[in-house]
Each structure stands twice: as structure tokens, then as C-alpha cells.
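**Q** Here's a structure for you.
Every read-out reported here was derived from the displayed coordinates using simple, explicitly stated rules and does not represent laboratory data. Just so it is clear, the structure is predicted and the values come from calculations on it, not from any experiment. Cβ: placed from backbone, ideal geometry, glycine included. Neighbour counts: every protein chain shown.
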Amino acid sequence: MNVLVTGASGFTGQSMLRYLNGILPADAALIAHYRASPVPSGIPCTRLRANLRSAAETESMIRASEPDYILHLAGRTRGSRDDLFADNTLAAGNLIDAVRGAADSAVVLLVSSAAVYGNAGDLPVPETTHIAPVSTYGAAKAAEELLVYAEMERYGLRISIARPFNLCGPGQSGAFALGSVIRQAVAIERHEQETLQLANIDSRRDFIDVRDAVRAFWAIAAHTAFDSACRGVRFNVGSGASTSVREILQMIEAVAGRSYPVSAHPSPELIPAQTADITRICTVCRWKPEWTLERTMESMLAAERETPRTP
């Protein structure tokens, strides 16, 4: 069995590799795709470099890896409109073309995003909710989903779709909300800054530990392999609860045993609240989240404290 993880050098990709290394049989081959940043040397896997914007490089990667499973995590969350559509929509199209030509029996999990929902009015949000993205990233992921679904229907491919909500966990970039809060909190402990600089601390999001998310991704892929009813199905991946940044900060302060001064800078908020309805994945895949948000915050804080001080 060959398992290909695209975008394997990223935050989620590395967690995916670590999880798969712990559960795959000894004779399975784990193949890690990357484009620019290499996969850390401490993670056992076969490494393949490819630019998924290139149809030729993508096809070469698929032919070289001969995958039975593809977990498509590669993509871009920020950048120009052209880059967002190139690294999400175009790249997924190239991947599906390559699968159709060289690995048409492979099970493909497309990791999309809850950003496709936009500001859904009724919470929690089920997968049947009409997609109406309010960001360029969300639009690119929505287009990616539609393209891949159309190709699946046309060519009979074995594809399912995951829609993760807000991922978090140790080592997350400061470009994301919880990663930023943790990094700033430790910077205050190190006397590198005086206050937490935060925006919209009362906005509510569904935060899911990346270690739970990668378990969900594999559960979906495994069920798609053995249950044809999963083909083309979208699965929300979240905790099923919403939490504000203010509440997150209270958790961090409880773990740290101290308070952190806050300087709030509210900005216009297009999505004031978001919560996943996770009934489908819990029922179909027998999956459920295991990490409480408090435990996640504790592990994130510990990991950041172990990170060397910035010169």
C-alpha cells in the first residue's frame, strides 16, 4: 500500500505524516510531497518534490509514487488572487488529471476548508449548507471543490472531501489566530513585548486540534476505500463547539498561572461565529475529537516555550 501526502512539509502535513507513521502497516510506503520547504529529516518517509502548478511535474509525481491513497493537503491560505487560485484550484485540477491518467483506482481525499461556507446563518453548519464564501481563499477552495467533484462524476474517480474548521496545535504559525496568541503570550513571558495585540476577541470559531483533524482525514479516506457511498461526500471536520479568543486567553492564563495584558484592536468581521455540525463524520466514520481545547492550549504553550528565543 502506497500513501501519498501532498503539502507534507506544512503544519498539517507534518502532523499527517506522524500519525500515519504510527498506524500504517510495516510494508506500507509513505510518500511525502513538498514544493519549497523540505519535510523534516526526523520523519520517516519517501520525499518527492514537485510544483503542482505544473501538470508535467504533478504527473511525474503520481507515476513515481503509484499511490493507493492520496491525502491532498497542499494549498495556500494567503496571497494574491492569482496565487490562491493557482495553488488551490489549478493545482487540484492538475492532480486529478494525473490521477485519471496514472492512478485512476486511487482513493483521493481533497482537504478543502470551512471557508467555503462564508457567513452561514444557522449554526452549527451542516455539509448541506449552501456554499457562499466571503474571502478570496474561500472562493478558491469552493472552485477547487466544484472542479474536483465534476471530474469525479465524469470519470468515476474515488474522491471524498474534508472541510476542516479552524485547526490548531503545537508549532502552528503566528499567522493564525491561536498560533499568534500563544507566540505573543510567550513573548510577554520573555519580556519581548508588553501586551497581547488582538483583534475581534469575541468572534467565535470552531477550533479543532490538528492531531484530531489528521485522524479524521485518514478515517474519511479509509471509509471511501471500502464504502462506495462515501464517494463524492463532504465531511465537516471540527469539534462541534465554538469558542471566542477571549475564552481561549482565559484557558491560557489558567494553564500558565498568570495573566497577560491585552490591547484590543477590533476590525470589521465578516464571520462573527462559526460552528461545525460533525454528525456526519461521527456517524459514518466512527470518528470523534479527543483533544480538549484546554489540553491543546497547554501543549501549544509548552511547545512555544521550548522554542529558542528570537535573537
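**Q** Treating the angle as unsigned and between 0 and 90°, give the value, to the nearest 10°, between the Cα long axis of helix 136-155 and the longest Cα principal axis of the chain.
**A** Long axis of 136-155 versus the principal axis of the chain: about 20 degrees.
**Q** Rounded to whole Å, give me the distance from the Cα center of region 187-262 to that of region 24-78.
**A** With region 187-262 and region 24-78 each reduced to a Cα centre, they are spaced 26 Å.
**Q** Right, next: Which of Lys141, Lys288 comes first, and how do the rest follow, when ranked by fewest Cβ neighbours within 10 Å?
**A** Neighbour counts put them in this order, fewest first: Lys288, Lys141.
**Q** If you take every DSSP beta bridge whose two residues both sit in the chain, what share of them, in percent to the nearest 5, is antiparallel?
**A** DSSP beta bridges in the chain are roughly 5 percent antiparallel.
**Q** Ordered by residue, what ³J(HN,Hα) values in Hz, to whole numbers, does region 98-107 give under the Karplus form 6.51 cos²θ - 1.76 cosθ + 1.60, where θ = phi - 60° and Gly and Pro are x?
**A** Those phi angles translate into 5, 4, 4, x, 10, 7, 6, 9, 5, 8 Hz.
**Q** Using Cα atoms only, what is the angle between the long axis of helix 55-65 and the major principal axis of the chain, expressed in degrees (0 to 90) to the nearest 10?
**A** Roughly 80 degrees, rounded to the nearest 10.
**Q** Okay, moving on. In a shell of Cβ-Cβ distance under 12 Å around Thr275, excluding Thr275 itself, what net charge do Lys and Arg (+1) and Asp and Glu (-1) give?
**A** -1
**Q** Could you tell me whether region 62-127 comes out rounded, prolate or oblate from its Cα gyration tensor? Rule is a ≥ b ≥ c as square roots of the eigenvalues, rounded for a/c under 1.5, then prolate if a/b exceeds b/c, otherwise oblate.
**A** oblate
**Q** Which net charge results for the neighbourhood of Phe165, defined as the other residues with beta-carbon distances under 9 angstrom from its beta-carbon, given Lys and Arg at +1 and Asp and Glu at -1?
**A** +1
**Q** Based on the alpha-carbon gyration tensor of region 227-289 and its eigenvalue square roots a ≥ b ≥ c, which shape applies: rounded if a/c is under 1.5, prolate if not and a/b is larger than b/c, or oblate?
**A** Taking the square roots of the gyration eigenvalues as a ≥ b ≥ c, region 227-289 is oblate.
**Q** Quickly rank 14-20, 59-65 as a protection proxy: mean count of other C-beta atoms within 10 Å, highest first.
**A** The packing order, highest mean first, is 14-20, 59-65.
**Q** Add -39500 (n - 2.57) for each DSSP H run of 4 or more in the chain, then divide by its residues: what number comes out at 222 nm, to the nearest 500 deg cm²/dmol?
**A** Estimated from H runs of four or more residues: -12500 deg cm²/dmol.
**Q** Still on this structure: Between 0 and 90 degrees, rounded to the nearest ten: what's the tilt of helix 210-226 against the longest Cα principal axis of the chain?
**A** Taking Cα atoms only, the helix is inclined about 20 degrees.
**Q** Now for a separate question. Would you work out the relative contact order for the chain, in percent, from Cα pairs under 8 angstrom that are 6 or more residues apart?
**A** Across the chain, relative contact order equals 17 percent.
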